[in-house]
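Have a look at the structure below, then the notes.
Just so it is clear, none of the values below were taken in a lab; they were calculated from the coordinates. Computed from a predicted model, the values in this text were never measured in an experiment. Here the Cβ positions follow ideal geometry from the backbone for every residue, glycine too, while neighbour counts run over all protein chains shown.
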């Protein structure tokens, strides 16, 4: 959810000063994504195509990296809803990015169980190592650092989600190694979710 | 009690259909299809199964309330596990996905639905992939789809991926999100059992709840309810995290006490430290103190002790935890996750967080304590969903039990318990 960031607390706010998403380059699904879209829309009743807005936005985000006004328009046209309907959803859910993000989006869980196991120190170590603050992307476009709320793996705290993959039991002192490994090996550097890892054994 | 739901979770292939079928998998569905739907509802009612998502409402009654005159009807499985401290459904879906699929199918049969949507939180992408594969397997072998096992019963199960909203775990907000809107709660009544998804009768059930249904059908309600204390039957998954030696998911009968869970299963507080407080049911419930450890960890037991079992997310805190910091941490969560629909919650969570941050940084005044109390009291009970009460709870419960820590912050002008596991600098608000 991201209600508060849109509401510029402490500053004068008027609806006319609302920030709209970047227009971005022209957008249409690739044929593969269009086929995926056509398949997933069938999961919902024919008169309820709007239900597919979240999966449709995920497709757009995977294709382009972030959501632009043109992507919003494309999704709205395909679903037969207004652009405002889609924008309403994009601005509410935190997993949609409305600005370009780095190749690796590092999302450190900051909620209680992770925090009491050192998540704040993990974030600090990442800030020191990469040289960006939470919410920022480094100039090379490699890393975006975010603090997120409970990821639901409190037994393997602190947890860092990197794009869609998980990295568990991240100690602050090992952050530097993780960052270097990610640069060298990509997502292969991550521990993964331990249940999945054990399942493959 | 021997684990039942999680009996095979450490086996390498426990998530495959072959493994599941070798261990009596889908027998309950086959048996259910030989009975009348009403019989299944009666069985679930007789078992006393209570919803595992947090409220503990009897599942059989929920299914009975589903309006059978209107159709189509739906099951919406709540897999949006996001209550801080909770990670049980995560384990079940990853290591025992077919149990959930079987539970969904039986649930659909019982209430006369043909479609179940599993609303899974967006962060569980790896879980979703496992679940999707399991659903494909189930279709291929005739446990989902048309004419299941030759019974004439059709059932589809679809996954719907959320996108990062705690509020989507609230049952009506979940339905809104499924309909392609913001995850904001609806006014109740009407309840989803009458007007739910697409305005049709819908049963919204937690993952663990649905996973219990095949057990009840296969082994009978009497066996099931005898597993736990009266009205708290069946196996229960407990998520233990925080300052313990062995955090994890532990399955037990609800006869078990908090002490047995924390000191037994989870190995107790880490070495050299002492227990300070326990949050027994996720961040939204009141704190229990060390002298209450012998409380029975059942819905009714914890309630009697003055808290709630909630999602059975037990967060253990040792003496290094500053309770003002804890309230600030949790209010940062609630401030961020408030859906913005009801003013007391939308504005109040931000106020509470600002005041708490001020006190934690040593910039607070004594009158801020009364202000906290007043703002929290003005949120609780004044919102459409339980989020408001949940957000007020960390403030009210820490003020009640640890007021002296708040006063020390004000008197000394600093945090009196700066633990080594916290940031060197006070953490700012990043979004």
### Message
For chain B, what does the relative contact order come out to in percent, with C-alpha contacts under 8 Å and a separation of six or more?
### Response
15 percent
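Using alpha carbon coordinates only, what is the Rg to Rh ratio of segment A:43-83, with Rh defined as the Kirkwood radius?
Details: Rg = 10.1 Å, Rh = 10.3 Å.
Radius of gyration over Kirkwood radius for segment A:43-83 works out to 0.98.
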### Message
I want to verify a result. In a Gaussian network model of chain B, Cα cutoff 10 Å, which of these has the top mean-square fluctuation: B:204, B:410, B:217?
### Response
B:410
### Task
Please identify, among B:292, B:128, B:22, the residue showing maximal mean-square fluctuation in a Gaussian network model of chain B using a 10 angstrom Cα cutoff.
B:22
## Note on the structure
Across all Cα atoms of chain B, Rg and the largest Cα-Cα distance (Dmax), in Å, are 22.1, 74
## Note on the structure
Check: C-alpha center segment B:112-171 vs C-alpha center segment A:42-95, spacing in Å is 21 Å
### Query
Pairing the Cα long axis of helix B:125-140 with the longest principal axis of chain B, what angle in degrees results, from 0 to 90 and rounded to the nearest 10?
10 degrees
### Task
Ignore the peptide's own chain and count Cβ atoms of other chains within 10 Å of each Cβ in A:163-170; give me the average, rounded.
2
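Would you please report the Å³ per residue occupied by the convex hull of the alpha carbon atoms in segment B:17-225? Working shown, then result.
On the way: hull volume 23.1 nm³, N = 209.
So the per-residue hull volume is 110 Å³.
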### Query
Rounded, prolate or oblate: which fits chain A, taking a ≥ b ≥ c as square roots of the Cα gyration tensor eigenvalues, rounded meaning a/c under 1.5, else prolate when a/b beats b/c?
prolate
### Message
Given points 7 Å out from each Cα along the Cα-Cβ axis, report the residue B:386 to residue A:177 separation in nanometres with one decimal.
### Response
4.2 nm
### Message
What's the ranking of B:45-56, B:68-79 by average number of surrounding C-beta atoms within 10 Å, highest first?
### Response
B:45-56, B:68-79
### Query
Once you wrap a convex hull around the alpha carbon atoms of segment B:235-318, what is its projected area averaged over all directions, in nm²?
4.4 nm²
#### Entry: Relative pair counts by distance (%), Cα atoms of the protein assembly as shown, 20 Å bins
20, 56, 24, 1
### Query
Can you give the translational diffusion coefficient of segment B:86-170 in µm²/s, computed by Stokes-Einstein from the Kirkwood radius over Cα pairs at 20 °C and 1.002 mPa s?
160 µm²/s
### Message
Give me the percent relative contact order of segment B:1-81, please, defined on Cα pairs under 8 angstrom at least 6 residues apart.
### Response
14 percent
### Task
Please tell me the relative contact order of segment B:323-423 in percent, rounded to the nearest whole number, where contacts are Cα pairs under 8 Å and at least six residues apart.
33 percent
#### Entry: Candidates B:352, B:289, B:144: whichever shows maximal mean-square fluctuation once chain B is modelled as a Gaussian network with Cα springs under 10 Å
B:289
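By the gyration tensor of its Cα atoms, with a ≥ b ≥ c the square roots of the eigenvalues, what is the shape of segment A:104-199: rounded for a/c under 1.5, prolate for a/b over b/c, or oblate? Each step should come with its number before you reach the end.
Values: a/c = 1.71, a/b = 1.20, b/c = 1.43.
The shape class here is oblate.
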### Query
Taking Cα atoms, how many degrees apart are the long axis of helix A:83-92 and the longest axis of chain A, rounded to 10 and kept between 0 and 90?
20 degrees
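How shielded is B:197-210 by partner chains, expressed as the average number of their Cβ atoms within 10 Å of its Cβ atoms? Intermediate values should be presented prior to the final figure.
Details: counts 4, 5, 0, 1, 0, 0, 0, 0, 0, 0, 0, 0, 0, 0.
Mean partner-chain Cβ count within 10 Å for B:197-210: 1.
Beta carbons within 10 angstrom, averaged per residue: use that to sort the peptides B:32-41, B:180-189, highest first.
Values: B:32-41: 16.8, B:180-189: 18.6.
Peptide ranking by packing, descending: B:180-189, B:32-41.
Taking every pair of alpha-carbon atoms in segment B:360-410, give the share separated by more than 12 Å as a whole percent.
Details: 798 of 1275 pairs.
Everything past 12 Å amounts to 63 percent.
Under the rule of -39500 (n - 2.57) per DSSP H run of 4 or more residues, summed and divided by the residues of chain B, what mean residue ellipticity at 222 nm is obtained, to the nearest 500 deg cm²/dmol? Before the final figure, lay out the partial values.
Values: 15 runs with 174 residues, N = 431.
Theoretical 222 nm ellipticity from helices: -12500 deg cm²/dmol.
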### Query
Looking at the P(r) of segment B:116-162, how many percent of alpha-carbon pairs lie beyond 11 Å?
66 percent
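From the square roots a ≥ b ≥ c of the eigenvalues of the alpha-carbon gyration tensor of segment B:323-423, which class results: rounded (a/c under 1.5), prolate (a/b over b/c), or oblate? Could the numbers behind the result be given before it?
Numbers: a/c = 2.18, a/b = 1.73, b/c = 1.26.
Taking the square roots of the gyration eigenvalues as a ≥ b ≥ c, segment B:323-423 is prolate.
What ranking, highest mean first, results for peptides B:263-270, A:90-97, B:333-340 when packing means the other Cβ atoms within 10 Å averaged over each residue?
On the way: B:263-270: 17.5, A:90-97: 21.2, B:333-340: 25.2.
My ranking of the peptides, most packed first, is B:333-340, A:90-97, B:263-270.
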### Query
Helix B:97-111 versus the longest principal axis of chain B: what angle, 0 to 90°, nearest 10, using Cα atoms?
70 degrees
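Over the whole of B:239-249, what's the average partner chain Cβ count within 10 Å per residue? Rounded to a whole number, please.
Values: counts 4, 3, 10, 9, 3, 1, 0, 1, 7, 3, 2.
Shielding by partners across B:239-249 averages 4.
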